[in-house]
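Asks: I have a structure here, written as structure tokens, and I will follow up with some questions on it.
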Amino acid sequence: MSKRDEQTAAILEGMASGRIPPEVPASCDYSEELSHLTAYLHRIQRAVIALGNGDLSVDLDDTEGALPESLRMLQSSLRRIISQSKQAVAGDFSQRVDFMGEFSNAFNAMVQRLKEAREELLHVGMHDSLTGLYNRGFFDAEFERMSRGRAFPISFIAVDINGLKLANDRRGNAVGDELIARVGQLLRSQVRGDDILARIGGDEFVAILPSADAAAAEMIIARIRVAIEKANADRDLIPISISLGSGTAPTAQRMADAFKEADDRMAIDKASHYLR
């Protein structure tokens, strides 16, 4: 074998083992063809290294062949994943990946967990942990939102538990918490499906009744009183005693006045309990 043949064989053997020569000696056989081949392989090598380091800007458009085409497909898939990841971070949890095998499963599971975590945080942020009803923050936001809507007249029902402090002092906070939870459940069973019921303080609740006039609010109060009588028939439980008041706003400008009116009427009802 000539020296030229030996150089060519050594270069090819090195390539077969994954070693790409930095340059091809002009003295070996087929030096021009081997130079084109090594340049081609160097381009692919640089692309693979770049992709492995997360650099998706590498340009393989002028490189033909099955391997560059596979790398272009991988590059495109990675770009799609980055785009979908950004959308998921922005809150679009509808994103799903179905083109990268096990990675797709991991990505989709991550997005689903992010969605569940956000929903859990939103629920915690809007709800009272003891009763499961809306909290004061949600009530304030909903009050503002409804003031810009068209569901008038809007009525309010203010509710206060009578004797909660006495129950806490005599029987302990656990019994008081049970009483609060029972009142919340009873109120929820009597308001309408579209009504907003919130616990806004330790023993205070309020219901927002969209598209409800004064007569509708009084009808709901009457239902609540009947439900209390039925609940108190169970002698094994602490009797429920609550004070109620309602107010109605015909327009957005009267909402604050109607809420205050409901609270004032509830206070009058509360005072009457202590005068009996």
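Asks: Ordered by packing density, taken as the mean number of other Cβ atoms within 10 Å over each peptide's residues, highest first, how do 122-129, 208-215 rank?
Replies: 208-215, 122-129
Asks: Count the lysine pairs in the chain whose Cα atoms lie under 29 Å apart, taking only pairs 8 or more positions apart in sequence or on different chains.
Replies: Value for the chain: 6.
Asks: Among [x] 17.8, 55; [y] 18.4, 62; [z] 36.3, 121, find the value of Rg and Dmax of the Cα atoms in Å that was calculated from the structure presented, and write down its label.
Replies: Of the listed options [x] 17.8, 55; [y] 18.4, 62; [z] 36.3, 121, [z] comes from this structure.
Asks: Measuring from centroid to centroid over Cα atoms, what is the spacing of segment 93-134 and segment 189-203 in Å?
Replies: 27
Asks: Once you have a ≥ b ≥ c as the square roots of the Cα gyration tensor eigenvalues for segment 136-275, tell me rounded if a/c is under 1.5, and otherwise prolate or oblate according to whether a/b is larger than b/c.
Replies: The shape class here is prolate.
Asks: Provide the percentage of antiparallel DSSP beta bridges, counting only those with both residues in the chain; round to the nearest 5.
Replies: 95
Asks: Under 1.5 on a/c is rounded, so check that first for segment 1-140, then, if it is not, pick prolate when a/b is larger than b/c and oblate when it is not; a ≥ b ≥ c are the square roots of the alpha carbon gyration tensor eigenvalues.
Replies: prolate
We did not get these values from a lab; they are worked out from the coordinates using the rules stated. This structure is a prediction, so every number in the text was calculated from the model and none was measured. Positions of Cβ are generated from backbone atoms using ideal geometry, with glycine treated the same way; all protein chains shown enter the neighbour counts.
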